[in-house]
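The structure appears right after this line, and notes come after that.
The values are calculated or read from the model by the stated rules, or taken from the named source; none is laboratory data. The structure presented is a predicted model; accordingly, all values stated were derived computationally and were not measured. When we count neighbours, we look across all protein chains shown, and the Cβ atoms used for this are built from the backbone with ideal geometry, even at glycine. Remember, those area values only see protein heavy atoms, side chains included, never the ligands or the DNA or RNA. Shrake-Rupley method; radii C 1.70, N 1.55, O 1.52, S 1.80 Å.
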Amino acid sequence: MHTGTTLTQFIIEEQRRIPGATGDFTGLLNDIVTACKAISNAVNKGALVGIMGALESQNVQGEVQKKLDVISNDIMIRSNEWAGHLAGMASEELDEPYAIPDKYPLGKYLLLFDPLDGSSNVDVNISVGSIFSILRAPRPNRPAVVEDFLQPGTQQVCAGYALYGSSTMLVLTLGHGVNGFTLDREVGEFILTHPNMTIPADTKEFAINASNRRFWEPPVQRYVEECLAGKEGPRGKDFNMRWVASMVAEVHRILTRGGIFMYPRDTKDPSKPGKLRLMYEANPMAMIVEQAGGAASTGYERILDIQPESLHQRVPVILGSRNEVEVVVGYHQN
Ligand code: AHG
Ligand code: MN
Ligand code: MN
């Protein structure tokens, strides 16, 4: 029988350290956690309940929506709209921010999320996840407008992800360190299993979608060539490579054993400066990675410092083991 610290207990104890905390934030996190448990269940049942495959629709980014993208989005919204903690929500799957229905009270936080990350992996039974970011509403208790969400990542109050892998985990930062919890399905609670997660500063493992190679900019071309050259090359060591195509799974691997993940700027579609979205993918992951001692950059600037211009803005992402990210950033400066 597991009697570790539950996530509920962890959140309440964290809140006790903040003088004047009202319990609003604790309530909000609990609702997010409930949503992640429900999404975990849906992902887990998969084909048994007929929720695999794609819909005819596309989301605002012009991407094919999977049935589970839409189901996960609905779960996130239904779990978080009612309690009065939020002034608004924004999701990868929704063009505009979600307006809290009039019948519910408004609150002082904003929630942004990617309800199902890596969803191209759902049909092939490979890990997917959910990513979320919490900001303070600049105008508390008023319906949020797009501009309210456009705050740099440094303003995040909390960032986290749920990983629906061989076990379901929730990894969280409230701005002082990173902690990982594993879902005990029989108890129905996340249990603290990975306290104080840290990313080793050095690594020999990189992750990038190499099929885009011909579109990369010279600094990334150079970096990957040097990794591939191994012991005999300028880096003087052999590298290993991974690509899961679920950012949540890649970041989790990096938090566990180090590594570098790149979805860099490329010339494939000049209208897109990267693939990943700043507000609900890059920013929360950058906060988690930095809080674990790693680094997160576009190659040109720190991700958390970017002043967002639009809700679904895309950015290049290079994150992970600090010294390795510094190498790539150095090549961008040359
Ligand atoms: P999403 O499923 O939310 O659209 O995000 C998928 C993202 C990210 O998780 C992953 O690293 C990347 O897209 C994979 O892209 P490729 O298919 O180009 O490899
Ligand atoms: Mn995603
Ligand atoms: Mn998604």
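The figures follow:
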{"read-out": "Share of carbon and sulfur in the accessible heavy-atom surface of the chain [1.4 Å probe, %]", "value": "50 percent"}
{"read-out": "Highest to lowest packing among 264-271, 156-163, scored as the average C-beta count within 10 Å", "value": "156-163, 264-271"}
{"read-out": "Separation in nanometres of the label points that stand 7 Å from Cα toward Cβ, at T193 and N125", "value": "2.0 nm"}
{"read-out": "The stretch 215-254, accessible area per residue, ligands and nucleic acids excluded (1.4 Å, Å²)", "value": "45 Å²"}
{"read-out": "Local net charge near A137, Cβ-Cβ under 14 Å (Lys/Arg +1, Asp/Glu -1)", "value": "+1"}
{"read-out": "Violating pairs (Cα-Cα greater than 18 angstrom) within the set K45/K66; K37/K275; K37/K108", "value": "K37/K275; K37/K108"}
{"read-out": "Interatomic Cα distance distribution for the stretch 109-177, bins of 5 angstrom, percent", "value": "4, 15, 22, 18, 16, 12, 8, 4, 1"}
{"read-out": "Convex hull projection area averaged over all views, the chain, Cα basis, nm²", "value": "17.5 nm²"}
{"read-out": "Cβ-defined net charge surrounding V220, 10 Å radius [Lys, Arg +1; Asp, Glu -1]", "value": "0"}
{"read-out": "Spatial extent of the stretch 238-293: Rg and Dmax, with the Cα atoms as the point set, Å", "value": "12.4, 35"}
{"read-out": "Cβ-placed point charges (K, R +1; D, E -1), dipole of the chain about Cα centre in debye, nearest 20", "value": "400 debye"}
{"read-out": "Mean separation of Cα contacts under 8 Å, 6 or more apart, over the residue count of the stretch 1-78: relative contact order %", "value": "22 percent"}
{"read-out": "Modelled label reach - Q307, point 7 Å along Cα→Cβ, the stretch 149-181 residues with backbone N closer than 18 Å", "value": "149-156"}
{"read-out": "Residues of the stretch 247-263 with amide N under 15 Å of the 7 Å Cα→Cβ point at D238", "value": "none"}
